[in-house]
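Each reported figure results from applying straightforward, stated rules to the coordinates on display, with no laboratory input. Values in this document were obtained by computation on a predicted structure and should not be read as measured data. Note: ideal-geometry Cβ built from the backbone for every residue, glycine included; neighbour counts use all protein chains shown.
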Amino acid sequence: MAGSGSAELAEIAASPRPVHERAQAMLDELQRRIPFDGAWMALAEPDGAGYTSLASTDLDGSSVRYLSGPQMAHDIALTGADRHRSPTSLSDLPSSSRDLRTWAECLPPRGSTRRCRRRCSRPAVGTSAS
């Protein structure tokens, strides 16, 4: 693909491919343009109990299961990230980062990955290891 990033992402989003293929293509294109360590894209469950994973980049299966589970859904709702709003820094969240289990256990500061591997290598609550 050649051209602007937004045009390429719009082209991917509008393609007739299945949604999970479009999601993976979007993550791949974003990573090509903006390097990152890992990413996850999902659809919210209608009842708010979790997320259906569509695509991920550089995350293992247990991490994706954890991110798709009820704890992540709870933390997203607690921060208000499930509503339309401008990006917010951790210090500007409506609740303390200590109340966000996902942040504390799976999103440590850069260079502190041991804790994430230990927590996210366990199955998410309500899921079975596979």
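Things worth noting here:
- Kirkwood Rh (inverse of mean 1/r, distinct Cα pairs), segment 1-57, angstrom: 12.2
- Student exercise, segment 22-86 dipole from Lys, Arg, Asp, Glu Cβ charges, in Debye to nearest 20: 220
- Computed from the alpha carbon atoms alone, the convex hull of segment 24-69 holds 64 Å³ per residue.
- Each other residue within a Cβ distance under 15 Å of T57 adds +1 if Lys or Arg and -1 if Asp or Glu, for a net charge of -3.
- With a Förster radius of 41 Å applied to the C-beta separation of A49 and A7, the computed FRET efficiency comes to 0.70.
- Peptides ranked, highest mean first, by Cβ atoms within 10 Å: ranges 72-81, 30-39: 72-81, 30-39
- The alpha carbons of segment 1-106 stretch over 43, 25, 25 Å along the principal axes, in descending order.
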